[in-house]
1. Only one residue in V75, V108 is under 19 Å from V145 (Cβ atoms) and either touching a Ser or Thr at 6+ places or on another chain (Cβ under 8 Å) or in contact (Cβ under 8 Å) with a residue 60 or more places away in the chain (or both), so which one is that?
2. Looking only at the stretch 84-102, count how many residues are loosely packed, with under 14 Cβ neighbours inside 10 Å and not assigned by TED's automatic domain parsing to the domain that holds G140.
3. In the same structural domain as V124 (by TED's automatic domain parsing) and surrounded by 11 or more Cβ atoms within 10 Å (Cβ to Cβ): which single residue out of Y105, Y49 fits that description?
4. How do the pairs read when you match residues in the stretch 133-160 that are touching a residue at least 12 places away in the same chain (Cβ under 8 Å) and surrounded by 11 or more Cβ atoms within 10 Å (Cβ to Cβ) with residues anywhere that are in a loop (DSSP other than H, G, I, E, B) and of a type in the set (S, T, N, Q), using Cβ under 8 Å and keeping only pairs 6 or more apart or on different chains?
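The values are calculated or read from the model by the stated rules, or taken from the named source; none is laboratory data. Quick caveat, the model's predicted, so the values are computed rather than measured. Positions of Cβ are generated from backbone atoms using ideal geometry, with glycine treated the same way; all protein chains shown enter the neighbour counts.
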Amino acid sequence: MDLTIFITKPGMDKLQKRIGFLMNEDRPDVIRTLVIAREFGDLSENAEYKAARERQRQIDSEIDYLRRRSASLKVVDTDAFPRDTVRFGLYCRAMDTDNNEELWYHVVGVDELNFSDEEGVMAVSVVSPIGTALLGKKLGDVAVVRAPIGDRYLEILEIK
């Protein structure tokens, strides 16, 4: 199963807000900048105009990508999930057994990582080494994270 097509409802809401921001705020600002820069005269030597056109292309590309991507994603409602096992969209508190550091993890879709901004919570992709290791674990289980720097062991302390 391709886990990269899933997104949580809050993740989709943030993605849609990003599209709205780009279309309703960023893009109109760039268009205004283009109009002003065009008034400076010769466009072939107009650095402001060239920079604004490049910014417009970046914004249009991001809007296009996010629209196409959001159309292909499947929203998962995690409210009904039981909290006995780490599942997609759920949070878990885990302790790194090597250094006794406790961290909150939120297992999310690939497309949500750029929009995660929760204080004290590390968003991890469902297909990342940490996300893969956490999925399916229950309270007290130890998740083995296979990483290039060596294995990490995370003991599951809480799931919500």
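1. V108
2. Final tally of qualifying residues: 1.
3. Just one listed residue meets the conditions, Y105.
4. Once the first residue is touching a residue at least 12 places away in the same chain (Cβ under 8 Å) and surrounded by 11 or more Cβ atoms within 10 Å (Cβ to Cβ) and sits in the stretch 133-160, its partners that are in a loop (DSSP other than H, G, I, E, B) and of a type in the set (S, T, N, Q) give V142/T97; Y153/T97; L154/T97; E155/T97.
Residues checked against (1) under 27 Å from V142 (Cβ atoms); (2) part of a helix (DSSP H, G or I); (3) in contact with a Phe, Trp or Tyr (Cβ under 9 Å, 6 or more places away or on another chain):
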| site | (1), (2), (3) |
| --- | --- |
| I7 | no, no, no |
| R27 | no, yes, no |
| R32 | no, yes, no |
| A37 | no, yes, yes |
| S44 | no, yes, no |
| Y65 | no, yes, no |
| A71 | no, yes, no |
| P82 | yes, no, no |
| L103 | yes, no, no |
